[in-house]
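What follows is one structure encoded as structure tokens, with my remarks underneath.
The values are calculated or read from the model by the stated rules, or taken from the named source; none is laboratory data. Not measured: the values here are computed from a predicted model. Here the Cβ positions follow ideal geometry from the backbone for every residue, glycine too, while neighbour counts run over all protein chains shown. All accessible areas refer to the heavy atoms of the entire protein, side chains included, with ligands and DNA or RNA removed. Shrake-Rupley method; radii C 1.70, N 1.55, O 1.52, S 1.80 Å.
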Amino acid sequence: MRKIYLIVLAVFAIGIIVVGILIFQKSTNQAKQNQQQSQQPVVTDNNPSESDKKVDIPLVRARERVTKKPFGIKISPENSPVQPERFLGYHTGVDYEIFSGEENTDIQVFAICSGNLAAKRTISEYGGVLVQECNLENQAVTIIYGHIKLASAKQKVGDYITKGETLAILGNGYSTETDGERKHLHLGIHKGSGIILFGYVQSQADLANWIDFEAHLKSN
Ligand SMILES: [Zn+2]
């Protein structure tokens with residue numbers, strides 16, 4: 001009789017061990033799977049397609065990105081579509097916004113034309129800024145790419161950059177890379193070869209020194 005008890009007990013104990021092993025294996029497999037998933041890069045279609053390159057856009061899906069501040073909009077702290085606002089004047093560039101969910105995604109910025117890199121610096125109002133010398137609409141211009149993560153820009157001042165080439169990624173929102181602004185691209189085009197970095201001018205007449213990139217895209 002005692003022998004039977006022992007056998008039942010042994011079978012029971014073995015059963016518990018087997019079940020335990022199975023549960024352990026399942027949970028480690030699950031952990032491995034989770035690890036693999038978190039190691040996978042976030043899949044984003046953030047490379048320029050051939051049609052993107054043809055129209056020289058600065059970001060993937062640029063046309064779909066809501067432009068809170070189009071070219072020439074008169075901004076004041078009271079009326080600005082961006083709150084809180086610290087700027088005042090006529091916007092000299094076009095702002096390209098990120099889509100929701102892109103806050104922690106690397107957003108590549110592409111050169112909209114071919115020409116040398118003229119400046120690469122951190123300044124107030126932009127954070128990181130790249131300036132490129134180009135020819136656009138049959139004249140010398142400088143292109144301002146504002147709110148950039150400079151550490152991601154491989155090119156040096158003086159380097160020739162080809163249209164469509166990746167310049168850098170957007171700076172992290174509300175950091176020194178954007179000088180505390182939201183994550184977005186400010187694209188300004190100033191006529192002439194001087195490095196003029198105003199994001200705003202104080203009279204509408206002064207906008208004549210700047211080119212509206214959206215209008216440029218439509219006419220080309
Ligand atoms: Zn702007």
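Things to note:
- Residues of segment 130-171 that are of a type in the set (Val, Ile, Thr) and within 22 Å of residue 104 (Cβ to Cβ): 148, 166, 169.
- Here residue 182 meets the list (1) away from the ligand (no atom under 12 Å from the Cβ); (2) surrounded by fewer than 16 Cβ atoms within 10 Å (Cβ to Cβ) almost entirely, failing just condition (1).
- Residue, nearest to residue 186 (Cα to Cα), within segment 72-98, restricted to residues that are of a type in the set (Val, Ile, Thr) and within 13 Å of the ligand (Cβ to nearest atom): 94
- Filter result for the condition that a residue is touching an Asp or Glu at 6+ places or on another chain (Cβ under 6 Å) and within 19 Å of residue 70 (Cα to Cα), over 190, 184, 216: 184
- Strands (runs of 3 or more DSSP E) enclosed by segment 32-135 - at least 3 residues per element that are open to solvent by less than 90 Å² (accessible area, probe 1.4 Å) and at pLDDT below 90: none
- Residues of segment 140-160 satisfying the condition of being assigned to a loop (DSSP other than H, G, I, E, B), more than 13 Å from residue 115 (Cβ to Cβ), open to solvent by less than 50 Å² (accessible area, probe 1.4 Å) and more than 16 Å from the ligand (Cβ to nearest atom): 153
- Selection within segment 185-203 - of a type in the set (A, V, I, L, M), more than 13 Å from the ligand (Cβ to nearest atom) and open to solvent by less than 30 Å² (accessible area, probe 1.4 Å): none
- Search result, residues across segment 200-220 that are out of contact with any strand residue (DSSP E or B) (no Cβ under 6 Å at 6 or more places or on another chain) and assigned to a loop (DSSP other than H, G, I, E, B): 203, 212, 219, 220
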